[in-house]
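One structure below.
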Amino acid sequence: MNVAIVKYNAGNIYSVVNALRRLGVEPLLTDVPEQLMAADRVVFPGQGEAGVVMDYLVKHGLDNVIRSLKQPVLGICIGQQLLCRHSEESDTDCLGIFDINVRKFRPERHEDKIPAMGWNSLHDMQSPLYKGLGDEPFVYFVHSYYVPVCEYTIATTDYILPYSASLNKDNFYATQFHPEKSGDVGMRLLQNFLEIDKA
């Protein structure tokens, strides 16, 4: 299978490369539009600041490339947030695949630490992406911004308030958590993504 990872100025991309290698896939890390469009699967991962990352995507024409993709696409962490309409982080207009705004966590108690960092359980899973993951699996999160529960939500979690741990619209899937850092559960999710929509 031909899997492409969007190459841009974000952190944590190589941990996704290594996770896919453990599944027997040698992904192509690329910012070449033709290579992204020709791939069987595209992964849009990373960590970073929304405004800086969107500036890079726009300057390199990758924003329109990502919007045009027809094969299964998986956004991870900042990848999920950038697939939304707008982010409160740097007042950033994003890619607009998911018609929902990304909001900043606002602590309500002394123990509410930002960024939200650590393991949390998933609830209300409603997608083939979550096949075989069991009830309320634990996955790893690191983020200061979140996507509210909305019509695109296919899994939720709770920190300060319930929010979208995962989204789906058409061929676009996304996780706020890091499957590549979530042990066996995360590896199974990545495997499910590789197998999704196969005839």
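Things worth noting here:
- Enumeration of residues in the stretch 48-63 that are in contact with a strand residue (DSSP E or B) (Cβ under 7 Å, 6 or more places away or on another chain) and either under 11 Å from ASN9 (Cβ atoms) or open to solvent by 60 Å² or more (accessible area, probe 1.4 Å) (or both): GLY48, MET54, LEU62
- Any pair with Cβ under 6 angstrom, 6 or more apart, that starts in the stretch 105-123 at a residue that is under 12 Å from TYR145 (Cα atoms) and of a type in the set (Val, Ile, Thr) and ends at one that is part of a loop (DSSP other than H, G, I, E, B) and at pLDDT 85 or above: ILE114/PHE105; ILE114/SER144
- Scanning the stretch 1-28 for residues being over 16 Å from the mean Cα position of the chain (by Cα) and within 19 Å of ILE78 (Cα to Cα) gives a total of 1.
- Within the stretch 13-40, being open to solvent by 20 Å² or more (accessible area, probe 1.4 Å) and part of a strand (DSSP E or B) holds for LEU28, LEU29.
- Candidates ILE154, ILE160 - the one that is modelled with pLDDT under 95 and over 22 Å from ASN12 (Cα atoms): ILE160
- Single unsatisfied condition, ARG67 versus (1) farther than 19 Å from LEU167 by Cα; (2) at pLDDT 95 or above; (3) surrounded by fewer than 19 Cβ atoms within 10 Å (Cβ to Cβ): (1)
- The number of residues in the stretch 134-151 being modelled with pLDDT under 95 and of a type in the set (Val, Ile, Thr) comes to 1.
- When the stretch 7-53 is filtered for residues that are farther than 19 Å from ASN192 by Cα and in contact with a Gly (Cβ under 8 Å, 6 or more places away or on another chain), the ones remaining, listed by number, are TYR8, ASN9, ALA10, GLY11, ASN12, ILE13, PRO33, GLY46, GLN47, GLY48, VAL53.
- Subset of the stretch 139-194 [without any contact (Cβ under 8 Å) to a residue 60 or more places away in the chain, over 28 Å from GLU111 (Cβ atoms) and open to solvent by 20 Å² or more (accessible area, probe 1.4 Å)]: GLU151, TYR152, ASN168, ASP170, ASP184, ARG188
- Against the test of being of a type in the set (D, E, K, R) and under 27 Å from ARG103 (Cβ atoms), the options ARG67, ARG41 yield a single qualifying residue, ARG67.
- The set of residues in the stretch 112-132 that are of a type outside the set (Ser, Thr, Tyr), open to solvent by less than 20 Å² (accessible area, probe 1.4 Å) and more than 24 Å from GLY48 (Cα to Cα) contains only LEU129.
- Test: residue in the stretch 19-37 that is within 11 Å of LEU82 (Cβ to Cβ) and of a type in the set (A, V, I, L, M, F, W, C): no
- Residue match in the stretch 63-76 (condition: free of Cβ contacts under 8 Å to residues at least 24 places away in the same chain and over 15 Å from the mean Cα position of the chain (by Cα)): yes
The values are calculated or read from the model by the stated rules, or taken from the named source; none is laboratory data. The structure presented is a predicted model; accordingly, all values stated were derived computationally and were not measured. Cβ coordinates were reconstructed from backbone atoms using ideal geometry, including for glycine residues, and neighbour counts include every protein chain displayed. Accessible surface is based on the protein model in full, side chains and every heavy atom, while ligands, DNA and RNA are left aside. Shrake-Rupley method; radii C 1.70, N 1.55, O 1.52, S 1.80 Å.
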